[in-house]
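So the structure is just underneath, and the comments pick up after that.
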Amino acid sequence: MTNLSELRREYSHGKLHLADCHPNPVIQFQKWFEQITLSGLPDPTAMVLSTADQQGRPSSRLVLLKEYSDGGFTFFTNYLSRKGHELQANPYASLLFAWHFFERQVRLGGRVEKVSEAKSDEYFENRPTGSRIGAWTSPQSEVIPSREYLEE
């Protein structure tokens with residue numbers, strides 16, 4: 001078995017100096033996000049969403065950022081999924097962007113609010129066909145009987 005302590009490395013690429021940071025955290029995020037996007041690294045919008053159930057037990061999963069502004073960060077989920085239920089019961093969450101190559105991470109947290117039904121419908125209609133079909137046939141966070149069930 002690998003000795004995990006031997007996998008440690010020094011992080012020196014992405015030094016952070018307060019003088020280089022914009023006072024508005026959203027503008028700072030935008031600067032970094034544009035740098036990450038222009039680099040060609042895969043999945044720059046991938047972020048870890050952490051929620052908690054009514055007993056305070058945390059749960060994390062990857063979701064995709066769809067928009068951001070001074071008003072907040074937008075992602076979409078099925079309201080009937082585990083995370084949908086957790087956010088309904090406890091409308092607070094945290095997000096983590098882990099951009100390892102640039103030795104940067106951005107984490108934020110706060111109250112989560114639903115977007116309008118129209119905005120949610122618009123997003124769903126613009127998803128790729130296969131993605132929409134998958135969402136219709138496979139309820140998030142639920143066990144499906146088999147691969148054949150999903151394909152059928």
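Here are some notes:
- Extension gain from C21 to D43, taking 0.36 nm per residue of separation minus the Cα-Cα distance: 5.5 nm
- Options [x] 194; [y] 116; [z] 97 - which one matches volume of the Cα convex hull per residue in Å³ as calculated here: [x]
- A Förster distance of 22 Å, applied to the separation of the beta-carbon atoms of T2 and E103, puts the FRET efficiency at 0.50.
- Share of carbon and sulfur in the accessible heavy-atom surface of the chain [1.4 Å probe, %]: 53
- Kirkwood Rh in Å, taken over the range 5-81 so that all alpha-carbon pairs contribute: 15.6
- Label-point separation in nm, L96 to F76, each point 7 Å along Cα→Cβ: 2.6
- The trypsin sites (Lys or Arg not before Pro) found in the range 83-133 that occupy coil by DSSP, while having at most 16 further C-beta atoms within 10 Å, are K114.
- 3J(HN,Hα) from dihedral phi, the range 95-110, Karplus parametrisation 6.51/-1.76/1.60, rounded to Hz, x for glycine, proline: 10, 9, 9, 10, 9, 4, 4, 8, 6, 9, 9, 10, 10, 8, x, x
- ³J(HN,Hα) computed for each position of the range 66-77 - Karplus, 6.51 cos²θ - 1.76 cosθ + 1.60, integer Hz, glycine/proline x: 10, 7, 8, 6, 4, x, x, 10, 10, 9, 10, 8
- Accessible surface, the chain, averaged per residue in Å² (probe 1.4 Å): 74
The values are calculated or read from the model by the stated rules, or taken from the named source; none is laboratory data. Model, not experiment: these values are computed from the prediction. Don't worry about glycine lacking a Cβ; one is built from the backbone with ideal geometry, like all the others, and counts go over all protein chains shown. Ligands, DNA and RNA are excluded from the accessible area calculation, which covers all protein heavy atoms including side chains. Shrake-Rupley method; radii C 1.70, N 1.55, O 1.52, S 1.80 Å.
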